[in-house]
Amino acid sequence: MTSNDQNPAACPLPLTEYPHVLMAHGGGGKLMSQLIERLFMPAFSNPLLAQQHDGAVFQVDGTRLAFTTDSYVVDPLFFPGGDIGTLAVNGTVNDLAMCGARPLYLSAGFIIEEGLEMATLQRVAGSMQMAARQAQVQLVTGDTKVVDRGKGDKLFINTAGIGRVEDDVQVGPEQIGSGDAILISGDVGRHGLTIMAQRESLAFETTIESDCASVAAPVLDLVRSGVTVHCLRDLTRGGLASALVELAVQSAKEMIVEECRIAVVDEVRGACEILGLDPLYVANEGCFVAFVPQSDVDLALSVLRHHPVSHAAERIGTVGSGERGRVILRSAIGGQRVVDRLSGEQLPRIC
């Protein structure tokens, strides 16, 4: 028996290729996927983790629960449309919603650098309180740690959340079927561009504002309206393109997407052209994709458009029957290209 047989996680990552962790390993692209698949998945292998969804869904005494966790290291702490506090609450609530769950309770762990102004911490706590109230969840437990001056970067927040999943709801990549319609809840790229503009002090004619918001309400309405929701995914690190590729691989399906149907506000499109960025890979914090049967498209769009956070919902594509694990983007002029994941994130520390 080799050493790897004794410990399957001993060397799952090609350490000779990446002997040190890079920023790209946390960016939602290829390197992050490799890190998860080659190091963390073998180390913690179990059926719930193997689902590779936004959270784990399991039963406790006959009740189906969803559980998720996330950490927030955004820089700067405050930005148009939100701050690290609203991001922490909404991001975790949204991960629960992507499991088809009604969010119920959150925890919060604060890692604070010595010297942070107390007024800043109080402002963040107030933002979290307001965001939790709007999302109808309670923050019920937490932890506080302080690190030496210069050993952190002002403030990091970890949140975990738990929610309840209705018995008949089955949401996940394995539920995606050929012929499913791909819906998007809104425009893409606003959050990532907002963070970059603030971080680099970029001045545009119009201020770009993050889309940071809870999407639990429209998701719950979708489920309760009778729409058969096969899969949901929020478009955070790596943006729409990375999320679709990830789901295509996990579901072993082909996805065909119409570029002209993907909304990008003029300010984001113009900023991306100036900066050489692709808005399809830029993060969002209040936008998601939904996979539903063709027969449910009209009802699903009607439900989504009833909510302010998803009023611009649109059908952007179809799950095809071609090469598995592939995403095809059809351009407005009739061409098409294969969409792939970037190695890392175009914009680091956006959440």
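Quick notes on this one:
- Taken over the range 327-350, the residue count meeting the criterion of being modelled with pLDDT under 90 and among the β-branched types (Val, Ile, Thr) is 2.
- Boolean, residue 115 is at positive phi and assigned by TED's automatic domain parsing to the domain that holds residue 257: no
- Members of the range 254-288 that are under 20 Å from the mean Cα position of the chain (by Cα), assigned to a loop (DSSP other than H, G, I, E, B) and not β-branched (Val, Ile, Thr): 263, 277, 278, 283, 284, 285, 286, 287
- Criterion applied to 35, 116, 87 was being modelled with pLDDT of 95 or more and either in a helix (DSSP H, G or I) or under 17 Å from the mean Cα position of the chain (by Cα) (or both), and the one residue passing it is 87.
- Taken over the range 141-158, the criterion of being modelled with pLDDT under 95 and surrounded by 17 or more Cβ atoms within 10 Å (Cβ to Cβ) is satisfied by 152 alone.
- Residues that are in contact (Cβ under 8 Å) with a residue 40 or more places away in the chain, buried (at least 24 other Cβ atoms within 10 Å of the Cβ) and in contact with a strand residue (DSSP E or B) (Cβ under 7 Å, 6 or more places away or on another chain) are absent from the range 69-79 altogether.
Yes/no per residue for (1) crowded, with 19+ Cβ neighbours inside 10 Å; (2) over 21 Å from residue 287 (Cβ atoms):
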site	(1), (2)
160	yes, yes
171	yes, no
179	no, yes
184	yes, no
194	yes, no
197	yes, no
204	no, no
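- Within the range 263-289, the set of residues being in contact with a His (Cβ under 8 Å, 6 or more places away or on another chain) and farther than 17 Å from residue 329 by Cα comprises 283, 284, 285, 286.
- Any strands (runs of 3 or more DSSP E) falling wholly within the range 127-186 and containing at least 3 residues that are under 18 Å from the mean Cα position of the chain (by Cα): 155-165, 181-184
- Within the range 244-273, residues that are within 19 Å of residue 319 (Cβ to Cβ) reach no partner that is in a helix (DSSP H, G or I) and among the basic types (Lys, Arg) with beta carbons closer than 8 Å at six or more positions or on different chains.
- Considered as a group, the residues in the range 289-300 that are assigned to a helix (DSSP H, G or I) and surrounded by 21 or more Cβ atoms within 10 Å (Cβ to Cβ) include one that is nearest to the chain's Cα centre (by Cα), and that residue is 300.
The values are calculated or read from the model by the stated rules, or taken from the named source; none is laboratory data. Keep in mind that this is a model prediction, so the values were computed, not measured. Because the Cβ atoms are built from the backbone with ideal geometry, glycine has one as well, and the counts that use them run over all protein chains shown.
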